[in-house]
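See below for the structure under consideration.
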Amino acid sequence: MDFELLQKVAMTRDEYDRLVDMLNREPNELEVGIVGALWSEHCGYKHSKPLFHHFPTEGETILTKTGEENAGAIDLGDGWCAVFKMESHNHPSAIEPYQGAATGVGGILRDIFAMGMRPIALLDSLRFGPLDDRNNKYLFNGVVSGIGGYGNCIGVPTVGGEVQFDKSYSGNPLVNAMCVGIGRVENLLSASASGPGNPLLLVGADTGRDGIHGATFASVELDENAEEMRPAVQVGNPFLEKLLLEACVELAEEHNDWIVGLQDLGAAGLTSSAIEAASRAGTGIDIDVTLVPRREEKMTAYEVMLSESQERMLVIPKKEHLDDVIHLFRRWEIRADVIGYVTDDEHVTIREGKEVVARMPVAIPTDPPMYSPNTMRPSELDDLHNQDLSVIPDVKNPGVELLNLLGNSNITSRQMIYRQYDHQVLNNTVVLPGGDAAVLRIKGLKQGIAVTTDCNARLVALEPRVGSSIAVAEAARNIVATGSRPVAVTDCLNFGNPEKPSVAYQLEQAVLGISDACRKLGTPVVSGNASLYNETPVGQILPTPSIGMLGVSDSSEDSLTIAPRENNILILIGADLAQGIESLSGSEYATQKLGFTAGKPFIDLDYEVKVQKFILDAHKAKLLTAAHDCSEGGIAIALGEMALAASLGLEAGQIDCGSRVDASLFGEAQSRFIIATDSQDSLSFLEKMLQDSNILFSVIGRAHGERFQLGPIDLSISEMREEYEEGLHRLLDS
Amino acid sequence: MMKAAVVVFPGTWSDGDCTWALQNIGIDVRKVWHRESSFAKDELVVLPGGFSYGDYLRCGAIAQFSPVIEGVRSHAAKGGLVIGICNGFQILCESGLLPGALVRNKSLQFRCEDTYLLPGSDSPFTKNISSNYALQIPISHGEGNYYADERTLNLLEEQDRIAFRYSSAMGEVNQSSNPNGSSRNIAGIINNGGNVLGMMPHPERACEQLLGSEDGNQIWLSLLEEYL
């Protein structure tokens, strides 16, 4: 066998031998291409799947089995459901940021409407290297424009997400796109090719040579020659996808009895789409590549089967409704062509005209080798845990430090990003971006949904299991701060090369940590994706298990924002105000002071659950007027963001910050919220509730006036606003 | 009862929001696909926001040649009411139904945010809106920077055809309240006959307090009153 071909599809010699054994013969080039794509890390999850059994995946409201469909579905009650998923598009974005990010958005949208649901919200979890580097700036600008370019054009609002900066992402940015769709439970579609004799209908864009080996490219490290992989990046056409979306949603809502399955074409194109659909149904497929409409001449069967041209879907209509389905797509001015049919022989058969060019049991490409992780705990973790944080002298001028943090790339306002995204189209966005989670109402239903993404990768790096639990807990805190109940999780596991024992350790521990927190919080993992091999010649990325979370609000009209009202009383929930030095572990403040991240992250998940339950109970009792979770930058930043959101100062000059002022103000201890309430009576109720549940708290002060006075800090709201709102502009302009 | 025809081009996405907002205040709505071209005389024709035909060329440049725009032209010529919002405004300018053009935002970036609009002009769309109250209505566009030559701008002013100007929340029209670089802070204009309005902001999004503002309804209510 041609070794170069194996390299192209990232198949090892051993894997090739395994394939020969399974086939009982030498495969031809097309067969190697097909199997190589489906056995790639991106499609086959060969290093990550062996860990997935740890995830809790079941719950009363979960309608799908994790991993079996394109996205996870949640029952919202009254006959409605929500589906959601997050997926990475990291490597394409590293070499062609605009199209890489745009097609990431396009891809996740297709996963949602493939299930027959209408996409109503997009979110993006992004990571870049520091903005003082020209290439990172280029990647940042390209990715942000690409996300906007696709989402704005297709008319699905981008309502949330997050962005963090760290030098480990230089040259290997992370672009994780999440989409949420809603619809009636009875319209949920499956991506299954059942009913032998049913036709396979390819709809949407013509097939070109773009994106060939995209799945493979996503499964290897980026090297100096990565630029040469630019042809593996696809080009998006959001206009065509808008038409596909409308046609598919109409098909699901009005004629779902016409079809047996609907599947998107993503990584590995027609190959993965058709084979996975057959695998789900226990059938076979027979495709004639000459029937696939092309945008380029003289394409080989190999190129047609492995093209990742965007905006294509595979519809499996019942044969008696083929004409109806074709007519529906034509009405939306979309091309639809029969390219083959479902068989009962459990084989994948690819023809070029009359000639069979590939044939094998469906069970072979869908049975990738699985590698159990060979893990080793990096020895430096213990050193970092034992780092004495008290070498940092206590803060001298906390006002200046607060202004610095407000302008810090990891904390400063994201408005300059989200105002480039249409976040309001579809008339559902009740809580806009800029707070903890976005809340969307559902027309005709009292319940709404809250959505967020989160991951503090620095904490994951310090202690992968605890840090990953914290990522889940913080996502849940974002949801709870809007008055919504956390319900389910999707994740995007972004790691380096899993063949390295230290990375395998991070990956394994992260899965365990996510599982720990999801069990405690009652939020099963319903969908997800793994993106491994995020490495460049200078090193691997911080381990970044991005968490996407969906919450349900019992009444979207009663959602909380982070903005208190005039004279509201602000209370810290979950901890005493005075914190010890350990609270600076992994914090933004300490990282700046030390020049590296150190300390031992900690979370008590039982306590976390108790605190979150208190917030929801207090909201239900109508005692809260605002809530915000405390994360990067500590309570000083949380209170600052609340003050800026409300354009109100803070009267809390009298608080006692204890022996370490920096730890109390800028420390990042977990399980903390700031809440606002509007009367002494409500405060008394809240105090009683808190005492009864043994939750620590500390009354901070009052939202009022134009000065922000917090212990030793005394700043004007306008000078804080300037730092906060100009932060990203300043970094990009420098 | 007042009726509205909401036009849908391939790539339109505000058709649903316009339908929602109009139905909420009791206006009967039908959707009209871009291949149709006839409207009832008393229908309000709505050209909603979106990216008609993908807008890969200049915004609205292709839509002007569609069958439905022929219908809109003849509807407008007969005095029928037409409102173009966002992409609809761009299409009306491209079709020559309104003067001027919408070019790239001065920031060269897409902008989605709240704006405040000071109403003017004695048209059926604005006649019942108090002129000393700035309406809170969001924008969402990359090419909303209104441009026309000085003569046209002067004419629009003389003929009282500037329907909305971007202002501060307090109603001050100045450079800092201009989100996209539009000439003379123009957010919306009216044709010579007073029956065609084009505006970049999205009144259909400011239709409920739950979404942050219901000021957009004032345009529909103004039309409704006109019809009573």
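Nothing in this text is a laboratory measurement; each read-out follows from the coordinates by a stated rule. Keep in mind that what you see is a predicted model, and the values were worked out from it rather than measured. Note that each Cβ is placed from the backbone with ideal geometry, even for glycine, and that neighbours are counted across all protein chains shown.
Across peptide A:153-162, the average count of Cβ atoms from other chains found within 10 Å of a residue's Cβ is 3. Against the main long axis of the alpha-carbon atoms of chain A, helix A:269-281 sits at an angle near 90°. Convex hull volume of the Cα atoms of segment B:119-228, normalised per residue: 101 Å³. Please enumerate, by chain and number, the lysines with C-alpha under 16 Å from the C-alpha of residue A:613, excluding those fewer than 8 residues away in the same chain. Of all the lysines, those that pass the test against residue A:613 - Cα under 16 Å, at least 8 places apart if same chain - are A:520, A:622, A:688.
By average Cβ neighbour count within 10 Å, what is the ranking of B:213-221, B:88-96 from highest down? Let's see the in-between values first.
On the way: B:213-221: 21.0, B:88-96: 25.1.
Output ranking for B:213-221, B:88-96: B:88-96, B:213-221.
Projecting the Cα positions of B:164, B:152, B:131 onto the charge dipole of segment B:116-228 (unit charges on Cβ atoms of Lys, Arg, Asp and Glu, taken about the Cα centre) puts B:152 furthest along the positive direction. The peptide list A:131-143, A:441-453, A:3-15, put in order of mean Cβ contacts within 10 Å with the highest first, becomes A:441-453, A:131-143, A:3-15.
Its Cα centre serving as origin, segment A:1-135 has a Cβ charge dipole (Lys and Arg +1, Asp and Glu -1) of approximately 200 debye. Using a 10 Å cut-off around each Cβ, can you sort A:507, A:243 from fewest to most neighbouring Cβ atoms? Sorted ascending by nearby Cβ count, the order is A:243, A:507. Near residue A:276: Cβ cut-off under 11 Å, other residues only, Lys/Arg at +1 and Asp/Glu at -1. The net charge is -2.
From the Cα gyration tensor of segment A:594-652, with a ≥ b ≥ c the square roots of its eigenvalues, which class applies: rounded if a/c is under 1.5, or else prolate if a/b is larger than b/c, or else oblate?
Working: a/c = 3.63, a/b = 1.16, b/c = 3.14.
Oblate.
In this structure the amide hydrogen of residue B:142, modeled in the peptide plane, comes within under 5 Å of the amide hydrogens of B:111, none closer than 5 places in sequence on its chain.
Taking Cα centre as origin and charging only the Cβ of basic (Lys, Arg, +1) and acidic (Asp, Glu, -1) residues, the dipole magnitude of segment A:99-209 rounds to 120 debye. The HN-Hα couplings worked out from phi for segment A:466-473 by the Karplus form 6.51 cos²θ - 1.76 cosθ + 1.60 (θ = phi - 60°) are 5, x, 6, 4, 5, 4, 5, 4 Hz, whole numbers, x standing for Gly and Pro.
Which order do the peptides A:290-302, A:545-557 take when ranked by the mean count of other beta-carbon atoms within 10 Å per residue, highest first? Please list the in-between numbers first.
On the way: A:290-302: 15.1, A:545-557: 24.3.
The densest-packed peptide leads the list: A:545-557, A:290-302.
For the protein assembly as shown, a/c is not less than 1.5, where a ≥ b ≥ c are the root eigenvalues of the C-alpha gyration tensor, and a/b does not top b/c. That puts it in the oblate class. Short-range pairs are left out: with C-alpha atoms under 8 Å and at least six residues apart, the relative contact order of chain A is 15 percent. Between residue A:85 and A:179, the built amide H atoms are under 5 Å apart, and every one of these is 5 or more places off in sequence or on another chain. Inter-chain Cβ neighbour count for A:416-424, averaged per residue, equals 6 (cutoff 10 Å, partner chain atoms only).
If you take the square roots of the eigenvalues of the alpha-carbon gyration tensor of chain B and sort them as a ≥ b ≥ c, do you get rounded (a/c under 1.5), prolate (a/b over b/c) or oblate?
Numbers: a/c = 1.32, a/b = 1.14, b/c = 1.15.
Because its axes are fairly even, with a/c under 1.5, chain B counts as rounded.
Treating the angle as unsigned and between 0 and 90°, give the value, to the nearest 10°, between the Cα long axis of helix A:605-620 and the longest Cα principal axis of chain A. On a 0 to 90 degree scale, this one is about 80.
Shielding of peptide A:251-257 by partners, expressed as the average count of other chain Cβ atoms within 10 Å per residue Cβ, is 0. Relative to the longest principal axis of the Cα atoms of chain A, helix A:322-331 runs at roughly 50 degrees.
Annotation: amide H-H contacts under 5 Å for residue A:463 (H modelled 1.01 Å from N, sequence separation of 5 or more, or interchain): none.
Within segment B:1-93, report the GluC sites (Glu not before Pro) that DSSP leaves as loop and that have at most 16 other Cβ atoms within 10 Å.
Working: sites: B:36, B:43, B:70; in loops: B:36.
Hits after loop and neighbour filter: B:36.
Under 24 Å of direct C-alpha separation, and excluding same-chain neighbours fewer than eight residues apart, residue A:167 reaches these lysines: A:137, A:500, A:593, A:600.
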